[in-house]
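What follows is a set of notes on a single structure, which appears directly below.
The values are calculated or read from the model by the stated rules, or taken from the named source; none is laboratory data. In this text the structure is predicted, and so the values were computed from the model without any measurement. Cβ placement follows ideal geometry from the backbone for every residue including glycine, while neighbour counts extend to all protein chains displayed. The area values use the complete protein model at the heavy-atom level, side chains included, leaving out ligands, DNA and RNA. Shrake-Rupley method; radii C 1.70, N 1.55, O 1.52, S 1.80 Å.
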Amino acid sequence: MNLYREAGSTADGPFSLVVTPESAQWGHTGLRVLELEGTETVTTGDSEALVLPLSGSCEVRVDGEAFRLAGRSGVFASTTDFAYLPRDAEATITGTGRFALPAAKTAKRLPARYGPAAAVPVELRGAGNCSRQVNNYCLPHTFDADQLLVCEVLTPGGNWSSYPPHKHDQARDGESELEEIYYFEVADGPAGPGMGYQRVYGTDDRPIDVFAEVRTGDVVLIPHGWHGPSMAAPGYDLYYLNVMAGPGQERAWLICDDPAHAWIRQTWESQDVDPRLPFGNTR
């Protein structure tokens with residue numbers, strides 16, 4: 001299974017990125033990135049989805065509703081408003097920019113809705129060089145969906161996030177079973193595009209091994225195993241969009257730290273949050 005997919009390698013028509021449950025060889029989670037200048041019609045099929053601006057703005061028409069998304073100039077500039085698309089829907093998107101469409105298979109059809117940027121909880125997590133910002137768009141405590149879980153993480157250059165490494169691949173007390181997609185964007189430096197790094201590793205029973213240099217537009221698929229750290233190279237701020245879904249009836253994000261590295265959390269108590277956070281205007 002190819003778990004690292006380079007920018008452009010899955011492009012299809014107006015989509016610069018297409019990951020479906022079928023192409024990922026798993027059961028539930030997908031992501032498309034729409035490069036838009038004008039109008040495109042998208043269908044959701046058997047999945048619920050968001051229209052989440054990465055850059056630019058648009059109008060979304062679906063199920064007789066019209067949602068104007070003010071969007072943002074880029075992922076480091078601010079949080080953004082977004083639209084929820086139900087399964088079995090056809091949506092018309094008109095505007096200019098780059099738009100993520102994270103998706104999760106579902107048997108339930110919920111109504112189309114608008115998510116205002118001002119209602120997106122912004123969390124500063126970790127401390128010291130483990131400081132990062134988490135924008136919690138579509139989680140159980142922030143926005144109603146049936147299966148879809150979506151957040152984005154912004155990490156200042158030189159810091160580590162998704163750390164300590166953690167997993168969510170077993171349905172048990174304190175852990176949920178979820179597939180996950182990491183979609184990356186990296187800030188430019190004075191000489192051009194930046195890069196970061198992503199680690200994924202498994203257990204003796206379920207081996208997996210990824211250590212990838214990531215750049216804007218790349219994705220890493222995580223069917224199981226410990227994932228982290230996500231490393232922002234010095235000088236290059238790192239962004240990633242997390243999309244998760246799984247087979248459980250309860251929509252929950254419950255993680256288990258790698259016991260070898262869980263002690264790292266205790267060190268944050270004596271450190272300050274990186275003063276470079278939060279990024280931009282979090283509204």
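Residue check: is Ala119 open to solvent by 20 Å² or more (accessible area, probe 1.4 Å), over 30 Å from Met231 (Cα atoms) and of a type in the set (Gly, Ala, Ser)?
no
Suppose we filter Val62, Val134 for residues that are closer than 26 Å to Gly27 by Cβ and either without any contact (Cβ under 8 Å) to a residue 24 or more places away in the chain or of a type in the set (Asp, Glu) (or both); which single one remains?
Result of the check over Val62, Val134: Val134.
Show me the strands (runs of 3 or more DSSP E) entirely contained within the stretch 94-195 in which 1 or more residues are hydrophobic (A, V, I, L, M, F, W, C), closer than 18 Å to Val243 by Cβ and within 16 Å of the chain's Cα centre (by Cα).
132-138, 149-155, 179-186
I'd like the full set of residues that are farther than 19 Å from Tyr201 by Cβ, open to solvent by less than 60 Å² (accessible area, probe 1.4 Å) and either charged (D, E, K, R) or without any contact (Cβ under 8 Å) to a residue 40 or more places away in the chain (or both), limited to the stretch 249-283.
Scanning the stretch 249-283 gives Arg251, Asp274.
Starting from the stretch 204-233, keep only residues that are among the acidic types (Asp, Glu), then list their pairs with residues that are assigned to a loop (DSSP other than H, G, I, E, B) and open to solvent by 30 Å² or more (accessible area, probe 1.4 Å) whose Cβ atoms are within a distance under 6 Å, requiring at least 6 positions of separation or different chains.
Glu213/Met195; Asp218/Glu6; Asp218/Ala7
Quick check on the stretch 58-74. Is at least one of its residues in a loop (DSSP other than H, G, I, E, B) and either buried (at least 23 other Cβ atoms within 10 Å of the Cβ) or aromatic (Phe, Trp, Tyr) (or both)?
For the stretch 58-74, residues in a loop (DSSP other than H, G, I, E, B) and either buried (at least 23 other Cβ atoms within 10 Å of the Cβ) or aromatic (Phe, Trp, Tyr) (or both): absent.
Just name the residue that is surrounded by the most Cβ atoms within 10 Å (Cβ to Cβ) out of those in the stretch 196-225 that are among the acidic types (Asp, Glu) and outside any loop (DSSP other than H, G, I, E, B).
Out of the qualifying residues, it is Glu213.
Can you tell me how many residues in the stretch 155-195 are open to solvent by less than 30 Å² (accessible area, probe 1.4 Å), hydrophobic (A, V, I, L, M, F, W, C) and either in contact with a helix residue (DSSP H, G or I) (Cβ under 9 Å, 6 or more places away or on another chain) or modelled with pLDDT under 95 (or both)?
1
Residue check: is Gly246 touching a residue at least 60 places away in the same chain (Cβ under 8 Å) and at positive phi?
no
For the stretch 11-31: of the residues being surrounded by 15 or more Cβ atoms within 10 Å (Cβ to Cβ) and free of Cβ contacts under 8 Å to residues at least 60 places away in the same chain, which is farthest from Ser47 (Cα to Cα)?
Among residues in the stretch 11-31 that are surrounded by 15 or more Cβ atoms within 10 Å (Cβ to Cβ) and free of Cβ contacts under 8 Å to residues at least 60 places away in the same chain, the one farthest from Ser47 (Cα to Cα) is Pro14.
Return the only residue of Thr79, Thr39, Thr92, Thr106 being of a type in the set (S, T, N, Q), touching a residue at least 60 places away in the same chain (Cβ under 8 Å) and more than 21 Å from Val153 (Cα to Cα).
Thr106
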